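Take a look at the structure set out below.
The values are calculated or read from the model by the stated rules, or taken from the named source; none is laboratory data. Since this is a predicted model, take the numbers as computed values, not measurements. No Cβ is skipped: glycine too gets one built from the backbone with ideal geometry, and neighbour counts run over all protein chains shown.
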Amino acid sequence: MNYNYVIGLDYGTDSVRAVLIDTADGKELASSVYYYPRWAAGKYCDAKKQQFRQHPLDYIEGLTATIKEILELAGPEAGRFVKGISVDTTGSTPVAVDQTGRPLALKPGFEEDPNAMFILWKDHTAIQETARINEVAATKEINYLQFVGGIYSTEWFWAKLLHVLRIDEHIRPHVYSWVEHCDWIPFLLTGGDDLKLMKRSVCAAGHKSLFAPEFGGLPPNSFFAEIDPLLDGFRDRLFDRTYTAAEAAGTLSAAWAEKLGLSTDVVVGIGAFDCHMGAVGAEIEPYMLSKIIGTSTCDIMVVPEEEMKDILVKGICGQVPGSVVPGMIGLEAGQSAFGDVYAWFKNILLWPARNMGLSGEQLEQMEKNLLVQLSEEAGKRPVTENSVLAIDWLNGRRTPDANQALDGAISGLQLGTDAPEIFRALVEATCFGARAIVERFVAEGIAVKGLIAMGGVAQKSSFIMQTMADVIGMPIKVHCSEQTCATGAAMFAATAAGIFSNVQIAMKTMGQGFDKHYVPDDQRHALYNTRYEQYKRLGGWIEAEANNRTAAH
């Protein structure tokens, strides 16, 4: 028999996952996960400075290890049936490159330089540069931020480039251009060695780089030169054309085909961000808000182009034609910390055990069970209007209205307050943050018909998901796949390889459906309406204080 297999690669914050999927029915034939060793060791990062960098070797080694493993698991004949590979990554996660498109961290003299590495989405070192971009944009007759919610973010492409150029005189003359992770991996797999030939994704370009057809592509060089003379000329070393993830970047190079045990006929698709491909993997529909819930959240919606009309949604992470599904406007929002909020609290509670000689096995059991036990106990506690209240901005706020200078908070603590009560407040806070996103879409004229959830938190924690349903007052369906982002990448690989004529058919054929549903409790929702107003008042006070600090500096 002649099978059509595809590979989806999902580059997450901690690891890369690969899946091998049969396009006939979407069956997962094999999967593999590779945890980045340098990242796991904490190299090149400094959480106190909000610096988070990743070495390209982690990505390359993970790519090789996971694809080889899934082909081995699927059997000796599997490789010859592979027709396509597509990749999703976190974003904005850019890197400095030379004229060949080679990341500087792979060149002699820069192997250990954090500024020569990929700057992870959660890196917030560019706060001052972001403020400058927003300041200059506000003076322009053309609003170059209109398609990214009106506010540029610290997490994005141009702010990170400017920050590296400002702080590192050593690296500055070697930075020829700036490339997103999701664009670099397909370029690598196709054997690219000329940056001018790199095909850039509309997903990354539109949501993070200010690319829009209405501007004729990127904003003019004069705009960036006014922001800072260090940016003068970079616009002309970038790109004038973008591609959807349904298109091909090329075919697998001879070197990579040999290394992986695949054919040079394998099509490599254009890359995109994890949340956008994850929404496709979770069978997104128009006006359904798709929530990829992990360390952070990314919320994705698609609206038919003809129905979007002239609506510009304020305070989100962009609205871009074709960034999710070709022919539709992709809208992106999200929270800078979700699972990271719970991980922070877990680390606080485990500090004594980790620093007072507890054995490895005991500590491992505590780490494994702590959040589960907290969830079970927190679920038993009654919630009142006077319960502990928290703000979820421990890593700043992504949307609505990006502001990475904001801090988290916990209010209403007493001597009788215990860990489960604080944990419950943190869970509520992350769900209040999710509600704020829903309300922003609705307020801006975009209906939200329901919620689709995926990712580790959605799969594992019924307590958190039920709380979210109660807080927002909407039903939530959880996709049954544990690898929705990688599955979405596989769907795009099948489309780029020509197995399906469009990604909608790929979704219908390869989609695996939903296995959990959460319905809001009317009584708890009524109480959370009151609690949500308290959350907004406390958040407003925190934001005012942050603005005062900024003004004082």
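If you take the residues of region 36-51 that are in contact with an Asp or Glu (Cβ under 9 Å, 6 or more places away or on another chain) and part of a helix (DSSP H, G or I), which of them is surrounded by the most Cβ atoms within 10 Å (Cβ to Cβ)?
Residue satisfying both the conditions and the ranking: Trp39.
Filter region 1-18 down to the residues that are under 19 Å from Asn395 (Cβ atoms), surrounded by fewer than 19 Cβ atoms within 10 Å (Cβ to Cβ) and small (Gly, Ala, Ser) and list them by number.
none
Could you figure out which of (1) closer than 25 Å to Trp184 by Cβ; (2) of a type outside the set (Lys, Arg); (3) outside any strand (DSSP E or B); (4) within 14 Å of the chain's Cα centre (by Cα) isn't true of Cys298?
Failed condition: (3).
Please pick out the residue among Ala248, Ala225, Ala212 that is of a type outside the set (S, T, N, Q), under 15 Å from Ile85 (Cα atoms) and surrounded by 15 or more Cβ atoms within 10 Å (Cβ to Cβ).
Of Ala248, Ala225, Ala212, the one residue that is of a type outside the set (S, T, N, Q), under 15 Å from Ile85 (Cα atoms) and surrounded by 15 or more Cβ atoms within 10 Å (Cβ to Cβ) is Ala248.
Among what's in region 156-187 and is among the acidic types (Asp, Glu) and more than 23 Å from Pro213 (Cα to Cα), pick the residue that is nearest to the chain's Cα centre (by Cα). Don't jump to the end; show me each part of the working.
Here is the first cut: in region 156-187, the ones among the acidic types (Asp, Glu) are 168-169, 180, 183.
From what's left, more than 23 Å from Pro213 (Cα to Cα): 168-169.
Numbers: Asp168: 27, Glu169: 30 Å.
It comes out as Asp168.
Restricting attention to region 173-189, which residues are assigned to a loop (DSSP other than H, G, I, E, B) and buried (at least 21 other Cβ atoms within 10 Å of the Cβ)?
Val175
Kindly indicate which of Ala279, Ala249, Ala245 is at pLDDT 95 or above, in a helix (DSSP H, G or I) and either within 29 Å of Gly473 (Cβ to Cβ) or not acidic (Asp, Glu) (or both).
Sole residue among the options that is at pLDDT 95 or above, in a helix (DSSP H, G or I) and either within 29 Å of Gly473 (Cβ to Cβ) or not acidic (Asp, Glu) (or both): Ala279.
Look through region 19-35, keep the residues that are farther than 15 Å from Glu72 by Cβ and of a type in the set (Gly, Ala, Ser), and return whichever of them is surrounded by the fewest Cβ atoms within 10 Å (Cβ to Cβ).
Ala24
Identify, please: which residue in region 476-515 is touching a Ser or Thr at 6+ places or on another chain (Cβ under 8 Å) and at pLDDT below 95 and is, among those, surrounded by the fewest Cβ atoms within 10 Å (Cβ to Cβ)?
Applying the filter and picking the extreme gives Gln512.
Which number in (1) buried (at least 24 other Cβ atoms within 10 Å of the Cβ); (2) touching a Phe, Trp or Tyr at 6+ places or on another chain (Cβ under 8 Å); (3) at pLDDT below 95 marks the one condition that Leu289 misses?
Exception for Leu289: condition (3).
Take the residues in region 516-528 that are in contact (Cβ under 8 Å) with a residue 12 or more places away in the chain and exposed (fewer than 14 other Cβ atoms within 10 Å of the Cβ), then tell me which one is nearest to the chain's Cα centre (by Cα). Please lay out each step first, then the result.
Looking only at region 516-528, we keep the residues that are in contact (Cβ under 8 Å) with a residue 12 or more places away in the chain, and these are 516-521, 524-525, 527-528.
Still in the running and exposed (fewer than 14 other Cβ atoms within 10 Å of the Cβ): 517, 519.
Values: His517: 24, Val519: 27 Å.
The qualifying residue nearest to the chain's Cα centre (by Cα) is His517.
Is region 316-332 home to any residue that is among the hydroxyl-bearing types (Ser, Thr, Tyr), outside the structural domain of Ser92 (by TED's automatic domain parsing) and surrounded by 14 or more Cβ atoms within 10 Å (Cβ to Cβ)?
Within region 316-332 (the criterion being among the hydroxyl-bearing types (Ser, Thr, Tyr), outside the structural domain of Ser92 (by TED's automatic domain parsing) and surrounded by 14 or more Cβ atoms within 10 Å (Cβ to Cβ)), the answer is yes, since at least one residue qualifies.
Only one residue in Asp193, Asp236 is modelled with pLDDT under 95 and over 25 Å from Gly488 (Cβ atoms). Which one?
Asp236
Kindly indicate whether any position in region 419-433 is surrounded by fewer than 17 Cβ atoms within 10 Å (Cβ to Cβ) and either in contact with a helix residue (DSSP H, G or I) (Cβ under 8 Å, 6 or more places away or on another chain) or under 23 Å from Leu451 (Cβ atoms) (or both).
Among the residues of region 419-433, at least one is surrounded by fewer than 17 Cβ atoms within 10 Å (Cβ to Cβ) and either in contact with a helix residue (DSSP H, G or I) (Cβ under 8 Å, 6 or more places away or on another chain) or under 23 Å from Leu451 (Cβ atoms) (or both), which makes the answer yes.
Which residue, of Gly540, Gly473, is surrounded by fewer than 19 Cβ atoms within 10 Å (Cβ to Cβ) and touching a Pro at 6+ places or on another chain (Cβ under 7 Å)?
Among Gly540, Gly473, only Gly473 is surrounded by fewer than 19 Cβ atoms within 10 Å (Cβ to Cβ) and touching a Pro at 6+ places or on another chain (Cβ under 7 Å).
Within region 165-172, can one find any residue that is in contact (Cβ under 8 Å) with a residue 40 or more places away in the chain, under 25 Å from Ala246 (Cα atoms) and part of a helix (DSSP H, G or I)?
No - not one qualifying residue is present in region 165-172.
Scanning region 364-401 for residues that are more than 30 Å from Trp156 (Cβ to Cβ) and β-branched (Val, Ile, Thr), which turns out surrounded by the fewest Cβ atoms within 10 Å (Cβ to Cβ)?
Looking at residues that are more than 30 Å from Trp156 (Cβ to Cβ) and β-branched (Val, Ile, Thr), I get Thr384.
Restricting to region 330-370, give me the number of residues that are farther than 28 Å from Ala390 by Cα, out of contact with any Ser or Thr (no Cβ under 8 Å at 6 or more places or on another chain) and not charged (D, E, K, R).
Total satisfying the criteria: 6.
Run Gly318 past the list (1) free of Cβ contacts under 8 Å to residues at least 60 places away in the same chain; (2) closer than 30 Å to Gly149 by Cβ; (3) not β-branched (Val, Ile, Thr) and report the number of the one that doesn't hold.
(1)
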